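Note sheet for the following structure.
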Amino acid sequence: MRALASAWIVASMGLALSAMASPLSVDADTCDASDKHGRPCEHPPAAQSLVKGPSLVQRRVDVHQGRLDLEISSRLRVLCWNVLYTNFGGGKTWQRSQIADIMTNDMKADVAGLQECMNENELQDALGDRMLKAPGTDTFNCIFYKPGVVTFGGLSGHKHLGEEGSDSYSQRFVSYAKLEWEGKPFMLFSTHWCLDNQCAGANGGKRHKHSAKVILALRKELGVEDLPAIITADANSHMDGYDRDDGVRHFLANGFKIAGKGPMAGGIDYIFVTKNDWAVKAHHVGPTVPSDHPSFYVELSWTNAADGSAPTPAPSTASSDDTDEEEEEEEEEEE
């Protein structure tokens, strides 16, 4: 559970802080397999399930069979979703309301990089004040952020990927927004690459690589090349071998890693992150309807490099199943 009742937070603060001051251990007077009277230990101390960390930004509590598991963490939840162009325009208010509810209630996104979002104002009306648009990021790749968690950095817009990046279906674009989380700025890009016809097979790979080059050049053009970055993309990478697609490989060869993928068409929707800035903590696939693509998110935290200290090795790519990765080696060293 990501949100907690305030009473639970207050009650957990003293326990969390005391547990962080020393290695997590079980006192001789606390029960292990059984208590002093020989009865099963059904309620082990909550401190045993604490995940240590200095940040108290998010507190998540899971209750299972009478056991309280408290995790203290600081994570940015990034949603990638192709929301289907036919859900925009007159008479589609209900569909956009459903999209908005999934973004905020089901997926609980902190930031969202969308594709086929044809009108940011229509979706903003459905979202209300739950998430706010980064202005000028439609058409087609709207960017939204959750106020109170993420702030807008005053820079946003979109750029045409050029005729070489487009196809017979549509012109293709990349949207961008400068945002801030935990006092640190970062860039979020959202894009949708070409498909079929002149974009099939090896030609697709060439056009996708062109699109990737435009996006990396845009980072320089905007003067944000040194900022941590996230790219959400419907890459249509099945045109050229999925992760072997030339556009995907260009990102991976230039400082990015795959943080997570959606299952659409075998895995064509991506979240890329700058590999020295972000640690991938979780991955989850969510609802599809009213779109034709499943929604998905990753949870990210800053690496030491983003905090200004020595970089840590990048974690392996998250799978399409739910994951919640614990950095076991770091915990063993701390203990």
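Please list, ordered by first then second residue, the pairs with beta carbon atoms under 6 Å, 6 or more apart or interchain, first in region 193-211 and of a type in the set (Asp, Glu), second buried (at least 21 other Cβ atoms within 10 Å of the Cβ) and at pLDDT 95 or above.
Pairs that qualify, where the first residue is of a type in the set (Asp, Glu) and the partner is buried (at least 21 other Cβ atoms within 10 Å of the Cβ) and at pLDDT 95 or above: there are none.
Tell me, which strands (runs of 3 or more DSSP E) wholly within region 227-306 include 3 or more residues that are without any contact (Cβ under 8 Å) to a residue 12 or more places away in the chain and closer than 21 Å to VAL111 by Cα? Outline the logic, then answer.
Details: elements: 229-234, 256-262, 269-274, 278-285, 296-302.
Fully inside region 227-306 and qualifying: nothing.
Condition check ((1) open to solvent by 10 Å² or more (accessible area, probe 1.4 Å); (2) modelled with pLDDT under 50; (3) in contact with a Pro (Cβ under 7 Å, 6 or more places away or on another chain)) across all residues:
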| site | (1), (2), (3) |
| --- | --- |
| PHE256 | no, no, no |
| ALA259 | no, no, no |
| GLY267 | no, no, no |
| PHE296 | no, no, no |
| ASN304 | yes, no, yes |
| ALA314 | yes, yes, no |
| GLU331 | yes, yes, no |
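For ASP138, which of the numbered conditions (1) in contact with a His (Cβ under 7 Å, 6 or more places away or on another chain); (2) modelled with pLDDT under 95 fails to hold?
With (1) in contact with a His (Cβ under 7 Å, 6 or more places away or on another chain); (2) modelled with pLDDT under 95 applied to ASP138, the lone miss is (1).
The values are calculated or read from the model by the stated rules, or taken from the named source; none is laboratory data. Because the structure is predicted, anything quoted here is derived from the model rather than measured. Counting neighbours? That spans all protein chains shown, and the Cβs are built from the backbone with ideal geometry, glycine included. Accessible surface is based on the protein model in full, side chains and every heavy atom, while ligands, DNA and RNA are left aside. Shrake-Rupley method; radii C 1.70, N 1.55, O 1.52, S 1.80 Å.
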